[in-house]
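Beneath this line is the structure, given in structure tokens, with notes to follow.
The values are calculated or read from the model by the stated rules, or taken from the named source; none is laboratory data. The structure presented is a predicted model; accordingly, all values stated were derived computationally and were not measured. Glycine gets a Cβ as well: all are built from the backbone with ideal geometry, and neighbour counts include every protein chain shown. Please note that ligands, DNA and RNA were not included when accessible areas were found on the heavy atoms of the full protein model with its side chains. Shrake-Rupley method; radii C 1.70, N 1.55, O 1.52, S 1.80 Å.
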Amino acid sequence: MRVLIAGGGVTGQALAFWLTRGGHRVTVVERFPALRATGAQVDLRGQGIEAVRRMGLLDDVRGKLVDEKGVAFVDARGKAKATIMANTSGQGRQTLTSEYEIMRGDLVRILNDATKHDAEYVFGTSVDGFEQDKHKVVAHFSDGSSGEYDLLVGADGQGSRIRRAILPEGFDPYWRVGIHMAYWFVPRIDCDSNIRDTYMVPGGRQIMRRSHNPTETQVYFVMREESEEASAIHREPVERQQEFWASRFRDAGWQTERFIEGMKTSPFFYSQEIAQVRTDTWSKGRVVLAGDAAHCASPYSGMGVSGGLVGAYILADEINRHPHDPPTALANYDTVLRPFVNHIQAEVNPRLLRLGLPITQRAIDAFHAATALACFLHVPDLVARWSKEDRGGNWRLPRARYG
């Protein structure tokens, strides 16, 4: 088949990996002018780790892992009130820190190295529109050209334009939880350790600091807010976004002044509303959605990247099994993957998220006390070690035709 993949991120490249092994002719178009090997730290869990293992890339991933030993909840002086360490036993459930933490850019480069000689990559180009019939999809590109394909895959992220084109007009695919996040890099200083610091601020705010190499530290600002301004800010120019986040956190204490100052020189800045993508269908005719475009589970699921890798594996397998019958392939893709997606999305509980973003100082103190007691009794370690399933539940990654 001639397959066009819109989006050269983790999911798009993983899909290209498996489809080219099935003998298909794959073109990946990416709207950025070069490989988008940027972004913050991501983690692999459960079935996502298995998907990478079946690609034969687990050793490459291990060679790029971030050294993050655990998560500490700190007070305004930076003193740790409780620390939950990563579960490195190889058994049970990952804790707040996965055994497989990696920078998004490193994972993207690993996947690109594994696919660039088999798939065609076109950068600086996007799919601006398409039409289809029973036999083909004609895609129209941003450079004015067009191309004919057997299948179009929208792997173009949470804000997918391909999804917008195949769903009913006016349909809202987003399930919002009233939480917003921004992240960027600042220069690393001596006190930045390999333990992720989490600082809670009254008003439903949180600051996280984690360091991924000897010179850089990641900063995350998170807050509860249900306002039109907060929802709209993510579409504003970066300068306006930075002003917004600085205004919301300027009084927060701890290292806030350092972090806000570091915004100005950060190599990138990203602001988003925490939301899931929920739709009843992932395809229409010869157009299908994958990864965050189909089923974004949100950063708080811990399964966003793993979900994309698993979805790419399942979609490619069904196409490889039914190369002359796209309707059957796409229907099976939905049937096989849907239970897994439903599980990882359901694990994002708004009530639990709000517990991690307390409104009052009294609630913050209570959270610290309860977490410190749990750590003293080794509860997080025991729960992780003896859990029979990770965040993907007991759903097992099927054995694919290739892999």
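Rolling a 1.4 angstrom probe over the protein heavy atoms, how many square angstrom per residue are accessible across the chain?
45
So for the chain, averaging the separation of alpha carbon pairs under 8 Å that are six or more residues apart and normalising by length, what relative contact order in percent results?
24
Please list the non-local residues whose amide H lies under 5 Å from the amide H of ASP156, H modeled 1.01 Å from N, same-chain partners needing a gap of 5 or more.
For ASP156, the qualifying residues are ALA290, ALA293.
When the accessible area of the chain is split by element with a 1.4 Å probe, what percent falls to carbon and sulfur?
The C+S portion of the solvent-accessible surface of the chain is 50 percent.
If each DSSP helix of 4+ residues adds -39,500 (n - 2.57) and the sum is divided by the residues in the chain, what number results at 222 nm, nearest 500 deg cm²/dmol?
Result for the chain, helices only: -10500 deg cm²/dmol.
I want to check the label-to-label distance for ARG62 and ALA232. Put each point 7 Å from Cα in the C-beta direction and report it in nm to one decimal.
5.2
Could you pull out every one of the lysines with an alpha carbon less than 20 Å from that of LYS284, ignoring same-chain neighbours closer than 8 positions?
LYS134, LYS136
Could you derive backbone 3J(HN,Hα) for the range 242-252 from the dihedral phi with the Karplus parameters 6.51, -1.76 and 1.60 (θ = phi - 60°), listing whole Hz in sequence and x where the residue is Gly or Pro?
So the Karplus estimates, Gly and Pro as x, are 5, 4, 4, 5, 5, 5, 6, 10, 4, 9, 6 Hz.
Rounded to whole Hz and in sequence order, give me ³J(HN,Hα) for the range 139-148 from the Karplus expression 6.51 cos²θ - 1.76 cosθ + 1.60, θ = phi - 60°, writing x for Gly and Pro.
Rounded to whole hertz, the list is 9, 10, 9, 5, 8, x, 8, 9, x, 10.
List the lysines whose alpha-carbon lies under 25 Å from that of LYS79, not counting same-chain residues fewer than 8 positions away?
LYS69
Using Cα atoms only, what is the angle between the long axis of helix 10-21 and the major principal axis of the chain, expressed in degrees (0 to 90) to the nearest 10?
Roughly 40 degrees, rounded to the nearest 10.
Can you list residues from other chains, or at least 5 along the same chain, whose modelled amide H is less than 5 Å from the amide H of VAL42?
Close amide H contacts, sequence-distant or interchain: ILE102, MET103, ARG104.
With axes computed from alpha carbons, what is the tilt in degrees of helix 304-321 against the longest principal axis of the chain, rounded to the nearest 10 within 0 to 90?
20
Residues with amide H under 5 Å of LYS81's amide H, sequence separation 5 or more or different chain, H placed in the peptide plane at 1.01 Å from N; which?
Amide H neighbours of LYS81, under 5 Å, 5+ apart: PHE73, VAL74, ASP75.
Gain in length, GLU239 to GLU120, computed as 0.36 nm per residue apart minus the alpha-carbon separation, to one decimal in nm?
39.3 nm is the gain from fully extending GLU239 to GLU120.
Relative to the longest principal axis of the C-alpha atoms of the chain, give the angle of the C-alpha long axis of helix 104-115, reported between 0 and 90° and rounded to the nearest 10°.
20
Which is the longest stretch in the chain that no exposed loop site breaks, taking sites as chymotrypsin sites (Phe, Trp or Tyr not before Pro) with a DSSP loop state and at most 13 other Cβ atoms within 10 Å?
1-170
With a point put 7 Å past each Cα toward its Cβ, work out how far HIS140 is from ALA37 in nm, to one decimal.
3.5
Each residue of the range 287-301 in order: what ³J(HN,Hα) in whole Hz does its phi give by Karplus 6.51 cos²θ - 1.76 cosθ + 1.60, θ = phi - 60°, with x for Gly and Pro?
10, 9, 9, 9, x, 4, 4, 9, 8, 3, 9, 5, x, 6, 6
Just grab the label-to-label distance for GLN361 and VAL383, each label 7 Å out from Cα along the Cβ direction, in nm (one decimal).
2.8
Go ahead and run the numbers for FRET between ASP280 and PHE376, Cβ-Cβ distance against an R0 of 35 Å, rounding to 0.05.
Efficiency, rounded to the nearest 0.05: 0.15.
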